[in-house]
Amino acid sequence: MKKLKVGIDNYGLSPLGLTPLQILQWAKDNGAEGVHFSGLIPEEKHKADPSYLKDLSQFAASHHLYLEWGGGQHIPFDMETWEKKEIFDVNRKAASEAEILGTRVVRSCSGGLMRWNPASPKLDILLDETASTLRSQREMLQDHNVILAIETHFEFTTFELLRLFDMCKTEPGEYLGICLDTMNLLTMLEEPVQAVERILPWIVCTHVKDGGVILGSEGLVSFPLEIGKGVVDLRQIIALLKTLPQEVNLSIEDHGGSFSLPVFDPRFLIGFPDLSRDEFIRLVQLAYSTQEKMEHEGLTIVDREKWPEICEERLKKDVLALKGIAST
């Protein structure tokens, strides 16, 4: 049976202020098999010259750790003003860095809660502009032998990502792929296993995150939980990932906080036209299961302000738990 490597995303340890080399050392010391660097703190970004990147690559190789990179973008808008912006140079820089590191994966993340912002462009405009921008970057990304891995975040559902790839006239393994964030799927009103089945051939990297969803006064609330404690069926998702021809690393991204999903507001729900009755029912069932876990197992939502106090111990537990799940 295929064995998938279990590592971490550096975001979970960001409160510690570690350098990339220190994060790689942390991974080595705590049983993680690699690091997905989804982003660097500002003090480290300006240091990322070829010599710096080669040092990271050599350290990782000498300790048999995988490396994946971030810094990519796919939304060609400034998310504060919604004016058009050029992202070609941003992605060329990230692709060049990834090539030096010897990794094919460059994660791309919008960083915005677009479905929650009434000022954001309409979905069709976002898709059209994103597709046009990414089509123009095909040759550049292929020249660097990288895949821009769009995270399942808060702008496109899996249905819409498939439309985007179709608009880009590309196939899995060419120059676009998906960074699968397993818990963000809940936040986008998708049942995680069904969503993974939809986009499976496109997945090239992961943010493995357990989580829950509960009923609140304004609708649903989603939030991360310690690996193995939530209602995301990681065992089934990993089984699906093991069927892929390419190896996909399991990079744990964990953090505090929660997300309000105002599903009682028809104006919010209309933004998810692909949400089926059956999948919504499954989300409600997951909310019931989460509530039971909170009542009987003492699970709680971790405030973002509390995360720095627990991040290191939580990541250690996450690594152990995910290794156990992935080995079965």
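The values are calculated or read from the model by the stated rules, or taken from the named source; none is laboratory data. This one's a predicted model, so the numbers in the text were calculated from it and none came from an experiment. As a convention, Cβ positions derive from the backbone with ideal geometry for all residues, glycine included, and neighbour counts pool all protein chains shown.
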**Item:** Enumeration of residues in the stretch 72-92 that are of a type outside the set (D, E, K, R), modelled with pLDDT of 95 or more and more than 17 Å from Leu127 (Cβ to Cβ)
**Value:** Gly72, Phe88, Val90, Asn91
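Among what's in the stretch 79-134 and is among the small types (Gly, Ala, Ser) and assigned to a loop (DSSP other than H, G, I, E, B), pick the residue that is nearest to Glu151 (Cα to Cα).
Taking the candidates together, the pick is Ser110.
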**Message:** Among the residues that make up the stretch 233-248, is at least one of them within 19 Å of the chain's Cα centre (by Cα), surrounded by 13 or more Cβ atoms within 10 Å (Cβ to Cβ) and at positive phi?
**Reply:** no
**Message:** For the condition touching a Phe, Trp or Tyr at 6+ places or on another chain (Cβ under 6 Å), under 13 Å from Asn91 (Cβ atoms) and among the hydrophobic types (A, V, I, L, M, F, W, C), what is the one hit in Leu134, Leu141, Leu148?
**Reply:** Leu141
**Message:** Take Leu244 and tell me if it is at pLDDT 95 or above, outside any helix (DSSP H, G or I) and over 18 Å from Arg115 (Cα atoms).
**Reply:** yes
**Message:** If I ask for residues that are at negative phi, touching a Pro at 6+ places or on another chain (Cβ under 7 Å) and surrounded by fewer than 18 Cβ atoms within 10 Å (Cβ to Cβ), which ones from the stretch 189-232 would you list?
**Reply:** Pro201, Glu218
**Fill in**
Taking the stretch 111-167 and keeping only residues that are aromatic (Phe, Trp, Tyr), in contact (Cβ under 8 Å) with a residue 40 or more places away in the chain and surrounded by 20 or more Cβ atoms within 10 Å (Cβ to Cβ), one is left with Phe154
**Complete:** Residues in the stretch 178-198 that are part of a loop (DSSP other than H, G, I, E, B) and within 17 Å of Val221 (Cβ to Cβ) total 5
**Asked** Out of (1) out of contact with any helix residue (DSSP H, G or I) (no Cβ under 6 Å at 6 or more places or on another chain); (2) within 25 Å of Val248 (Cα to Cα); (3) surrounded by fewer than 22 Cβ atoms within 10 Å (Cβ to Cβ), what's the single condition that is false for Glu86?
**Response** (2)
**Asked** If you take the residues of the stretch 1-48 that are among the hydrophobic types (A, V, I, L, M, F, W, C) and more than 30 Å from Ala239 (Cα to Cα), which of them is nearest to the chain's Cα centre (by Cα)?
**Response** Leu40
**Item:** Looking only at the stretch 61-76, and only at residues there that are more than 20 Å from the chain's Cα centre (by Cα) and outside any loop (DSSP other than H, G, I, E, B), the one that is surrounded by the fewest Cβ atoms within 10 Å (Cβ to Cβ)
**Value:** Ser62
**Message:** Condition first: of a type in the set (Lys, Arg), assigned to a loop (DSSP other than H, G, I, E, B), surrounded by 12 or more Cβ atoms within 10 Å (Cβ to Cβ) and out of contact with any Lys or Arg (no Cβ under 9 Å at 6 or more places or on another chain). Can you find one or more residues in the stretch 19-36 that meet it?
**Reply:** no
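Restricting to the stretch 89-125, name every residue that is of a type in the set (A, V, I, L, M, F, W, C) and more than 22 Å from Gly39 (Cβ to Cβ).
The answer is Ala119, Leu123, Ile125.
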**Asked** Looking at Ile325, Ile301, which one is surrounded by 14 or more Cβ atoms within 10 Å (Cβ to Cβ), outside any helix (DSSP H, G or I) and in contact (Cβ under 8 Å) with a residue 24 or more places away in the chain?
**Response** Ile301
**Asked** How many of the residues in the stretch 90-112 are within 17 Å of the chain's Cα centre (by Cα) and farther than 18 Å from Ile178 by Cα?
**Response** 0
**Request:** Go through the stretch 206-230 and count every residue that is assigned to a loop (DSSP other than H, G, I, E, B) and modelled with pLDDT under 95.
**Result:** 2
**Prompt:** Of these, Gly173, Gly228, Gly211, Gly177, which one is touching a residue at least 24 places away in the same chain (Cβ under 8 Å), of a type in the set (Gly, Ala, Ser), within 25 Å of Lys2 (Cα to Cα) and touching a Gly at 6+ places or on another chain (Cβ under 8 Å)?
**Reply:** Gly228
**Complete:** Selection from the stretch 135-163 of residues part of a helix (DSSP H, G or I), out of contact with any Cys (no Cβ under 9 Å at 6 or more places or on another chain) and farther than 22 Å from Ser38 by Cα yields Glu139, Phe159, Glu160, Leu162, Arg163
**Asked** Name the residues in the stretch 127-138 that are out of contact with any helix residue (DSSP H, G or I) (no Cβ under 7 Å at 6 or more places or on another chain) and either modelled with pLDDT under 95 or among the β-branched types (Val, Ile, Thr) (or both), would you?
**Response** Thr133
